[in-house]
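A quick write-up on the structure given underneath.
The values are calculated or read from the model by the stated rules, or taken from the named source; none is laboratory data. Because the structure is predicted, anything quoted here is derived from the model rather than measured. Here the Cβ is made from the backbone with ideal geometry for all residues, glycine too, and neighbour counts use every protein chain on show. Protein only, heavy atoms only, side chains kept; ligands, DNA and RNA dropped before computing areas. Shrake-Rupley method; radii C 1.70, N 1.55, O 1.52, S 1.80 Å.
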Amino acid sequence: MTLQTLKQQIDQGALPFMYLVTGTETALIQKAHRLFSSIIDPAEQEMNQASYDFAEVGIDPILADYLSAPFFGDHRLVLVENPTFLTAGSKLNADQEKAFLSAIERPVPGNLLVLFADDATLDKRKKVTKAVMKEAELLDLPALNERQTKQAIQQFLQQRQVTMDNAAEAELLLRTQASYSKVLAELPKLLAYAKESQTIDLAGVMGLVPKESTAQAFDLADLVLKGQKGAALELYHDLIKNGEVPLRLNALLLGQFRLLLQVAGSQGSDQEVGQLLKVHPYRVKLARQSLGRYQPTKIRAGFLSILDMEIQMKSKTVDPVFLFEEFMVNF
């Protein structure tokens, strides 16, 4: 089901007793939270709505709340983050599992249990997970692809009678790695910038939107592979001055080279490969564009050299900046 379907269920009052919400798109998950909260009258929310982090409180208070009848209202809403008991890394004891299964087999009329989970971590072999997936209404909110993100941007700006030129849009997507949630977080600044002109241009995006660390790693990898040693060293030093930790920066660079190798050996659409590699499809698109310019043997050699740098950083007292400079001289 989609968010639109959820809204229809809420409007019609046709609500199942349990939802399983999966996905990684933060903005959509936040919207789902707001929709679920709209089920409970604002005057009743303190009594009939509760939010829990399973990782912090465990299952007992969640069940106690869920099994309580609504207090002077039609519904009781229990929202649960991090239900790790549905994954391989955590489990309920025998009594707790029995109590949970009993609760979802015989739900209290009017009560709603909403579990927010990461589908990639669900252990679908577990008895309790199978039971949840069988009984719950599934709301999946995966990351929007590039086309969907562009459409969302255009719709957002059209509603506010603001335009964005193509160069600005391309740079915004690059700097946010086409993440809808990250784009959405940046748009208020850009709207303020365009208050008088009603136009968002490239200068506005470059001046106001910082580059994501993955985008910076892409830039650095690109310079390394082009053999632009001076530019690569300058960018590396700038990133260190701006607070990047050398070990983390090395890990980002290693991850970018690894992604290039993985994409080189993958088939399917950007969306399919992104799902397989658990990265945003836009990163797959950029990787494929890079692969058209560089030899796989050179990418592989870079990956092995950067991996060796990481090993030296972790095992020796050598200055990590010197290690990168040495790598660039010899690569």
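Figures for the structure shown
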| item | result |
| --- | --- |
| Qualifying aspartates and glutamates (Cα of each under 17 Å from Cα of K182; at least 8 residues distant if same chain) | E25, E146, E169, E171, E212 |
| Net charge contributed by nearby residues that have their C-beta within less than 15 Å of P210 (K/R +1, D/E -1) | -1 |
| T87 long-range amide H proximity, modeled H, under 5 Å | D123 |
| Gained length - T297 relative to R248, 0.36 nm times residue gap less alpha-carbon distance | 15.2 nm |
| Ranked by how many other beta carbons lie within 10 Å on average, peptides 111-120, 293-302, 4-13 from highest | 111-120, 293-302, 4-13 |
| Reachable lysines, given that their alpha-carbon falls under 27 Å from the alpha-carbon of K134 and they are not under 8 places away in the same chain | K7, K31, K91, K98, K124, K126, K278 |
| Residue-by-residue Karplus 3J(HN,Hα) for region 245-260, coefficients 6.51, -1.76, 1.60, Hz, glycine and proline x | 7, x, 5, 5, 5, 5, 5, 5, 5, 4, x, 5, 5, 4, 4, 4 |
| Cleavage-rule hits (trypsin sites (Lys or Arg not before Pro)) in region 256-288: DSSP loop, at most 13 neighbouring Cβ within 10 angstrom | K278 |
| C-alpha center-to-center spacing [region 126-160, region 55-88] in angstrom | 23 |
| Amide H contacts under 5 Å for D53, placed H, 5+ residues apart | E81 |
| Options (i) 22.0, 86; (ii) 24.1, 73; (iii) 21.5, 67 - which one matches Rg and Dmax of the Cα atoms in Å as calculated here | (ii) |
| FRET E, pair A264, E310, Förster distance 30 Å, beta-carbon r, rounded to 0.05 | 0.90 |
| S51 paired with A131, simple spin-label distance in nm, labels 7 Å along Cα-to-beta-carbon | 2.7 |
| Environment charge of P188, counting only residues whose C-beta is closer than 13 Å and scoring Lys/Arg +1, Asp/Glu -1 | +3 |
| For the chain, built as a Gaussian network whose Cα springs stay under 10 Å, the top-fluctuating residue of Y282, Y236, Y180 | Y236 |
| Dipole magnitude of the chain, debye to nearest 20 (Cβ charges: Lys/Arg +1, Asp/Glu -1, about Cα centre) | 1000 |
| Fraction of accessible area attributable to carbon and sulfur, region 212-327 (%, probe 1.4 Å) | 53 |
| Percent antiparallel among DSSP beta bridges (both partners in the chain, rounded to 5) | 5 |
